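Colleague: What follows is a single structure, and I will ask about it in a moment.
Please treat every number below as a calculation from the coordinates, not as lab data. Here the structure is a predicted model, which is why all the values come from computation and not from measurement. Here Cβ is always computed from backbone atoms with ideal geometry, including for glycine, and neighbour counts include all displayed protein chains.
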Amino acid sequence: MEKTSKLRVTLLTGRTIEQGVGKEQGKSSKDYMESVAVCFIDPQDLKRLRIKDKTNVCVSTQNGSVILKGVKSQRGPHTGIIFLPYGPWANVVVDPETDNIGMPSLKGIPAEIEQAPEKPVLNLRELLTQQFRKE
């Protein structure tokens, strides 16, 4: 197994039960952030990236980059595939183009993931300020 600090992966997004529970607390709550500002990674890919569970990672696509908490996926195996719960953090990296159907493509997105233990995961206010440059 080749170890590296960056991997090319396929990004999938979707809804999770934890996200729904967190949303009940409000989108500015800690519970919501902890359920959505995460990236689920196959255990073998965590090893390849030389990181431990709950280490911050940077996910990048042609549309942008975002820092997330890298979490060991309990499903799999699915090496080379990462999952982001759909929400404000995933919106940074998915293509906003809807091709006239009203919803962006949320599956099969080429991406890169790399170690980012020194970079913080932004809270919702910080993320929106960064993305839209508004307070």
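Colleague: Full-extension gain between Q44 and L106, please, as 0.36 nm times their residue separation minus the C-alpha to C-alpha distance.
Modeller: Fully extending the segment from Q44 to L106 adds 20.0 nm.
Colleague: Just tell me the longest site-free run in the chain, where the sites are trypsin sites (Lys or Arg not before Pro) in a DSSP loop having at most 14 other beta-carbon atoms within 10 Å.
Modeller: Formally, the longest exposed-site-free interval is 76-106.
Colleague: Which entries of K72/K107; K3/K47; K30/K52; K6/K119; K6/K72; K30/K107 show an alpha-carbon separation above 18 angstrom in the structure shown?
Modeller: Cα-Cα > 18 Å for K72/K107; K30/K52; K30/K107; rest within.
Colleague: Here's a follow-up. With a 10 Å Cβ neighbour count serving as the proxy for reagent exposure, in which order, fewest first, do D99, D31, D45 appear?
Modeller: In increasing order of surrounding Cβ atoms, one gets D99, D31, D45.
Colleague: Over the Cα atoms of the chain, what Rg and Dmax result, in angstrom?
Modeller: 14.3, 45
Colleague: At what distance in nm do the modelled label points of E126 and D31 sit from each other, each positioned 7 Å from its Cα along Cα→Cβ?
Modeller: Output for this residue pair reads 2.3 nm.
Colleague: Give the percent of DSSP beta bridges with both residues in the chain that are antiparallel, rounded to the nearest 5.
Modeller: Taking every DSSP beta bridge with both residues in the chain, the antiparallel ones total about 70 percent.
Colleague: Once you list every other residue whose beta carbon is under 14 Å from the beta carbon of Q62, what net charge do they have if Lys and Arg are +1 and Asp and Glu are -1?
Modeller: That sum, taken over residues with Cβ under 14 Å, equals -2.
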